[in-house]
Amino acid sequence: MAIRRATATILGGLALALLVFGQPARAELRVPITEGQLEPLPIAIMNFATSESGELANLGVKIAEIVREDLERSGLFKPVDERAFIETSVAFDNNPRFGDWRLINAQALVVGRVDAQPNGEISVQFRLWDVFAEEHMTAKKFNGVPDAWRRMAHKVADTIYHRITGEEGYFDTRIVYIAESGPADRREKRLAIMDQDGANHRFLTDGADLVLTPRFSPTAQEITYLSYLDRKRPRVYLYNIDTGQQEVLGDFDGMTFAPRFAPSGNRVVMSLASGGNTEIYTMDLRTRRVTRLTNHPAIDTHPSYSPDASQVVFESDRGGAQQLYVMNGDGSDVRRISFGDGRYATPVWSPRGDLIAFTKLHQGRFFIGVMKPDGSGERLLTSDFLVEGPTWAPNGRVLMFYRQTPSDKQGGGGKTRLYSIDLTGYNEREIRTPVDGSDPAWSPLLLQ
Amino acid sequence: MRTMKLFGALAALLLVVACESTPEDMGGASGAGAVAPQPTTEIIVEESVTYPPGSKEELTALYGDRVFFATDRSDLQGDARATLEGWAQWMRQYPSVTLTIEGHCDERGTREYNLALGERRASSAKNYLVALGINPNRVAIISYGKERPAVLGSNEFAWAQNRRGVAEVN
């Protein structure tokens, strides 16, 4: 879906803002990201200045680079080539020469600096300027250990994104996914985690056991997933990222799978398959008490809570084929919400609560789409031979999923890759991974 | 090894050969084993063909080690029932043998649903063995969803081969 629709330009957006607010001098620099593909906003991001030497001296350049990459990948911003800069140095507490930045058509300007603190930490601070309105938009300072410089850079990008789009950022986040290697009939699958931009990649399991469908806890400190540990019956496990400990969840007579945390983090909702019937259960992680939510001889699976935990969306073939259903948090009042052509699967409630993302299968193709929780407003964002398993960025504006290519008899093809795409259906990007990847799960914004 | 069993093993081998030579017959939902092979006089019996009694190799040679399913279905068709009847007979012959039936799916479904569907298929096969008098404690099941295809390739033949229940002798 590399098609780009040229709609309103940023200037058009500004003109509209002028009309609305009627005060040209106060016109708010803003990217209305709900309106589909816009021309990305030209933003100049200067290398962060520093008076430090040695290791720290390079950090200002590396932090600026990460901020540029984050904002560029969002599809909403276009970092201006540094070689075009006329003003090459701006003191942090001075106004920039706005005319110099207007000349190279930078609509926004970021100036920052990095300093060592007496306690061994570093501080990263920046200012965001609206070049055409000649206004200071925001400034922020982050402190942390030097090793946390990447996260501080992502927080700078999140702040800029938030200030200009009005939406929360999603750059200081991680992705957990299944790293795949080897031929399809004996595919090795490992739990792997990385920053949202692919940095700090590491494998969490060694590939000896088949693992699938990892999901983050609300604190992003734990992962729940499916493992065929020791080739026994597949079970839902918890993985603690800090300690590396794995723990089976419950002792069921059957296969547990399709786990997902409740928004509170106190419960995990999952499927239990036994005797040819798959039902949905929740487990209280403190008391380990298990509650059954569905009661139907059909396959009921892939549950996902609404953000307020009052409802659960899931897929069921109780109507003859996979469709999406919503029920109350206690399992009552089950109602079907998908009625389009084809089969609907893997529903995931947006963190904003306004939409449900899904995989759709129709006429031999797979689609990633979204619909409102009442089933109306279905929109398909992308399609292919096999695209599956959407996961939401914490701001509910970007989705990640995986794509698998067809394979041939010799075992060629069958590549799996991760992609992100805007809710508008634009800006599809591959998320590069060291080996093949599937089943991505996007973390919430990381805590301090 | 008794003559009857050896004949059965050879017949099963012939069937496998016949099926491999006519893949177009496998594209549909019916899968292998629909037609009983015609005996032929041109086959030379190799007397060295023996399998350990009660082994997976023996079961495979006698009856085949797998049953096939239609797209998104878990009900057993006639040929699958015939295979399972063979398994049941064989299990009665070896009362100490236990099986694990693996349920598998083709790649044309979503991951979690396929795990559930694989479980349903394996259960369907197990239920038939139990209906034939096999003690349920002798039959375990496990689902691999779409994780372990038997045949590589994104085509109807491969998909039909991958929608299967496979007997593993424990």
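Hey, among B:68, B:157, which residue is out of contact with any Leu (no Cβ under 9 Å at 6 or more places or on another chain), of a type in the set (A, V, I, L, M, F, W, C) and closer than 25 Å to residue A:415 by Cα?
On the way: B:68 fails: closer than 25 Å to residue A:415 by Cα.
Being out of contact with any Leu (no Cβ under 9 Å at 6 or more places or on another chain), of a type in the set (A, V, I, L, M, F, W, C) and closer than 25 Å to residue A:415 by Cα holds for just one of B:68, B:157, which is B:157.
When you scan the range A:3-26, do you find a residue that is surrounded by fewer than 17 Cβ atoms within 10 Å (Cβ to Cβ), modelled with pLDDT under 75, closer than 30 Å to residue A:199 by Cα and aliphatic (A, V, I, L, M), even just one? Can you show your working first?
Going residue by residue through the range A:3-26, those that are surrounded by fewer than 17 Cβ atoms within 10 Å (Cβ to Cβ) are A:3-9, A:11-12, A:15-16, A:18-26.
With modelled with pLDDT under 75 added as a condition, the list becomes A:3-9, A:11-12, A:15-16, A:18-26.
Now restrict to residues that are closer than 30 Å to residue A:199 by Cα: A:3-4.
Checking the rest, the ones that are also aliphatic (A, V, I, L, M) come to A:3.
Yes, the range A:3-26 has at least one match.
Residues checked against (1) of a type in the set (A, V, I, L, M); (2) more than 18 Å from the chain's Cα centre (by Cα); (3) more than 18 Å from residue A:221 (Cβ to Cβ):
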site: A:158; (1), (2), (3): no, no, yes
site: A:161; (1), (2), (3): no, no, yes
site: A:166; (1), (2), (3): no, no, yes
site: A:172; (1), (2), (3): no, no, no
site: A:176; (1), (2), (3): yes, no, no
site: A:182; (1), (2), (3): no, yes, yes
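Which residues, taken from the range B:95-106, are more than 17 Å from residue B:71 (Cβ to Cβ) and open to solvent by less than 40 Å² (accessible area, probe 1.4 Å)?
Keep residues of the range B:95-106 that are more than 17 Å from residue B:71 (Cβ to Cβ), which gives B:95-102.
B:97, B:99, B:100, B:101, B:102 - these are the residues of the range B:95-106 that are more than 17 Å from residue B:71 (Cβ to Cβ) and open to solvent by less than 40 Å² (accessible area, probe 1.4 Å).
Pull out all pairs, ordered by first then second residue, where Cβ-Cβ is under 9 Å, the residues are six or more apart or on different chains, the first lies in the range A:151-177 and is without any contact (Cβ under 8 Å) to a residue 12 or more places away in the chain, and the second is open to solvent by 20 Å² or more (accessible area, probe 1.4 Å).
A:162/A:138; A:162/A:168
Starting from residues that are β-branched (Val, Ile, Thr) and away from chain B (no Cβ under 13 Å), keep the ones in the range A:291-312 and report whichever is farthest from residue A:214 (Cα to Cα). It would help to see each step written out before you state the result.
Taking the range A:291-312 first, the residues β-branched (Val, Ile, Thr) are A:291, A:294, A:299, A:301, A:312.
Retained after the next criterion (residues that are away from chain B (no Cβ under 13 Å)): A:291, A:312.
Values: A:291: 22, A:312: 19 Å.
The residue in question is A:291.
Looking only at the range A:408-431, filter to residues that are within 14 Å of chain B (Cβ to nearest Cβ) and touching a Pro at 6+ places or on another chain (Cβ under 9 Å); which one of those is surrounded by the most Cβ atoms within 10 Å (Cβ to Cβ)? Before you say what the answer is, go through the steps one by one.
Just the residues of the range A:408-431 that are within 14 Å of chain B (Cβ to nearest Cβ), to begin with: A:408-416.
Filter once more, so that each one left must be touching a Pro at 6+ places or on another chain (Cβ under 9 Å): A:411, A:413-414.
Numbers: A:411: 14, A:413: 15, A:414: 21.
By that ranking, first place goes to A:414.
Name every residue in the range A:142-178 that is within 29 Å of residue A:434 (Cβ to Cβ) and touching a Gly at 6+ places or on another chain (Cβ under 6 Å), in order of residue number.
Within the range A:142-178, A:152, A:158, A:161, A:177 meet the criteria.
I'm trying to understand the selection: among the residues of the range A:114-134, which are crowded, with 16+ Cβ neighbours inside 10 Å and either out of contact with any helix residue (DSSP H, G or I) (no Cβ under 8 Å at 6 or more places or on another chain) or not in a strand (DSSP E or B) (or both)? Please lay out each step first, then the result.
Pass one, the range A:114-134, residues crowded, with 16+ Cβ neighbours inside 10 Å: A:114-116, A:122, A:124-133.
Across the range A:114-134, the qualifying residues are A:115, A:125, A:127, A:130, A:131, A:132, A:133.
Tell me, yes or no, whether the range A:75-96 has at least one residue that is modelled with pLDDT of 95 or more, crowded, with 24+ Cβ neighbours inside 10 Å and over 25 Å from the mean Cα position of the chain (by Cα).
no
Hey, can you tell me all the residues within the range A:212-232 that are within 30 Å of residue A:66 (Cβ to Cβ) and touching a strand residue (DSSP E or B) at 6+ places or on another chain (Cβ under 9 Å)?
Scanning the range A:212-232 gives A:213, A:214, A:215, A:216, A:217, A:218, A:220, A:221, A:222, A:223, A:224, A:225.
Report those strands (runs of 3 or more DSSP E) wholly inside the range A:237-286 carrying at least 3 residues which are within 12 Å of chain B (Cβ to nearest Cβ) and at pLDDT 95 or above.
Values: elements: A:246-248, A:255-261, A:267-274, A:277-284.
In the range A:237-286, A:255-261, A:267-274, A:277-284 are the strands (runs of 3 or more DSSP E) which contain 3 or more residues that are within 12 Å of chain B (Cβ to nearest Cβ) and at pLDDT 95 or above.
Does the range A:349-363 hold any residues that are more than 11 Å from chain B (Cβ to nearest Cβ) and open to solvent by less than 10 Å² (accessible area, probe 1.4 Å), and which are they? Steps first, please.
So in the range A:349-363, the residues more than 11 Å from chain B (Cβ to nearest Cβ) come out as A:349-357, A:362-363.
Once the filter is applied, which keeps residues that are more than 11 Å from chain B (Cβ to nearest Cβ) and open to solvent by less than 10 Å² (accessible area, probe 1.4 Å), the range A:349-363 yields A:350, A:356, A:357.
If you take the residues of the range B:49-63 that are open to solvent by 20 Å² or more (accessible area, probe 1.4 Å) and modelled with pLDDT of 95 or more, which of them is nearest to the other protein chains (Cβ to nearest Cβ)? Break it down stepwise before answering.
Our first condition is that a residue be open to solvent by 20 Å² or more (accessible area, probe 1.4 Å); within the range B:49-63, this holds for B:49-53, B:56-57, B:60, B:62-63.
Remaining after also requiring modelled with pLDDT of 95 or more: B:56-57, B:60, B:62-63.
On the way: B:56: 16, B:57: 20, B:60: 18, B:62: 25, B:63: 22 Å.
Looking at the filtered set, the residue picked out is B:56.
Residues checked against (1) facing chain A (nearest Cβ under 9 Å); (2) under 14 Å from the mean Cα position of the chain (by Cα); (3) surrounded by fewer than 24 Cβ atoms within 10 Å (Cβ to Cβ):
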{"position": "B:108", "(1), (2), (3)": "yes, no, yes"}
{"position": "B:115", "(1), (2), (3)": "yes, no, no"}
{"position": "B:121", "(1), (2), (3)": "yes, yes, no"}
{"position": "B:125", "(1), (2), (3)": "no, yes, no"}
{"position": "B:138", "(1), (2), (3)": "no, no, yes"}
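Taking the range A:44-60, which residues are more than 17 Å from residue A:145 (Cβ to Cβ), open to solvent by 70 Å² or more (accessible area, probe 1.4 Å) and free of Cβ contacts under 8 Å to residues at least 40 places away in the same chain?
A:53, the sole residue that qualifies.
Restricting to the range A:236-252, name every residue that is surrounded by fewer than 22 Cβ atoms within 10 Å (Cβ to Cβ) and in contact with a Ser or Thr (Cβ under 6 Å, 6 or more places away or on another chain). So that I can check it myself, show each step before the final result.
Our first condition is that a residue be surrounded by fewer than 22 Cβ atoms within 10 Å (Cβ to Cβ); within the range A:236-252, this holds for A:238, A:240-252.
Listed by number, the list holds a single entry, A:238.
Here are some conditions: (1) of a type outside the set (S, T, N, Q); (2) more than 8 Å from chain A (Cβ to nearest Cβ); (3) closer than 24 Å to residue A:277 by Cα. Residue B:97 meets all but one. Which one does it not meet?
Of (1) of a type outside the set (S, T, N, Q); (2) more than 8 Å from chain A (Cβ to nearest Cβ); (3) closer than 24 Å to residue A:277 by Cα, only one is false for residue B:97: (3).
Any idea which of (1) among the acidic types (Asp, Glu); (2) more than 13 Å from chain B (Cβ to nearest Cβ); (3) in a strand (DSSP E or B) is the one residue A:341 doesn't satisfy?
Tallying (1) among the acidic types (Asp, Glu); (2) more than 13 Å from chain B (Cβ to nearest Cβ); (3) in a strand (DSSP E or B), residue A:341 fails exactly one: (3).
Which condition from (1) open to solvent by less than 10 Å² (accessible area, probe 1.4 Å); (2) on the phi < 0 side of the Ramachandran plot is the one that residue A:346 breaks?
It is condition (2) that residue A:346 fails.
Can you work out which of the residues in the range A:97-106 that are open to solvent by 30 Å² or more (accessible area, probe 1.4 Å) and not in a helix (DSSP H, G or I) is farthest from residue A:419 (Cα to Cα)?
It comes out as A:97.
Can you pull out every residue in the range A:141-177 that is open to solvent by 40 Å² or more (accessible area, probe 1.4 Å) and either on the phi > 0 side of the Ramachandran plot or assigned to a helix (DSSP H, G or I) (or both)? Break it down into steps so the answer makes sense when it comes.
Our first condition is that a residue be open to solvent by 40 Å² or more (accessible area, probe 1.4 Å); within the range A:141-177, this holds for A:141, A:143, A:145-147, A:149-151, A:162-163, A:168, A:174.
Hits for the range A:141-177 are A:146, A:147, A:149, A:150, A:151, A:162, A:163.
Given the residues B:167, B:158, B:131, B:150, which is the only one that is of a type in the set (A, V, I, L, M), more than 11 Å from chain A (Cβ to nearest Cβ) and more than 26 Å from residue A:279 (Cβ to Cβ)? Step through it out loud before you land on a result.
On the way: B:158 fails: more than 11 Å from chain A (Cβ to nearest Cβ); B:131 fails: more than 26 Å from residue A:279 (Cβ to Cβ); B:150 fails: more than 11 Å from chain A (Cβ to nearest Cβ).
That would be B:167, the only listed residue that is of a type in the set (A, V, I, L, M), more than 11 Å from chain A (Cβ to nearest Cβ) and more than 26 Å from residue A:279 (Cβ to Cβ).
So in the range B:140-151, with the set limited to residues that are in a loop (DSSP other than H, G, I, E, B) and surrounded by fewer than 20 Cβ atoms within 10 Å (Cβ to Cβ), which one is nearest to the chain's Cα centre (by Cα)? Outline the logic, then answer.
First pass over the range B:140-151, keeping only residues in a loop (DSSP other than H, G, I, E, B): B:146-151.
Still in the list and also surrounded by fewer than 20 Cβ atoms within 10 Å (Cβ to Cβ): B:148, B:150-151.
Values: B:148: 15, B:150: 12, B:151: 14 Å.
Only one residue fits best here, namely B:150.
The values are calculated or read from the model by the stated rules, or taken from the named source; none is laboratory data. Computed from a predicted model, the values in this text were never measured in an experiment. So basically every Cβ, Gly included, is an ideal-geometry build from the backbone, and we count neighbours across all protein chains shown. Please note that ligands, DNA and RNA were not included when accessible areas were found on the heavy atoms of the full protein model with its side chains. Shrake-Rupley method; radii C 1.70, N 1.55, O 1.52, S 1.80 Å.
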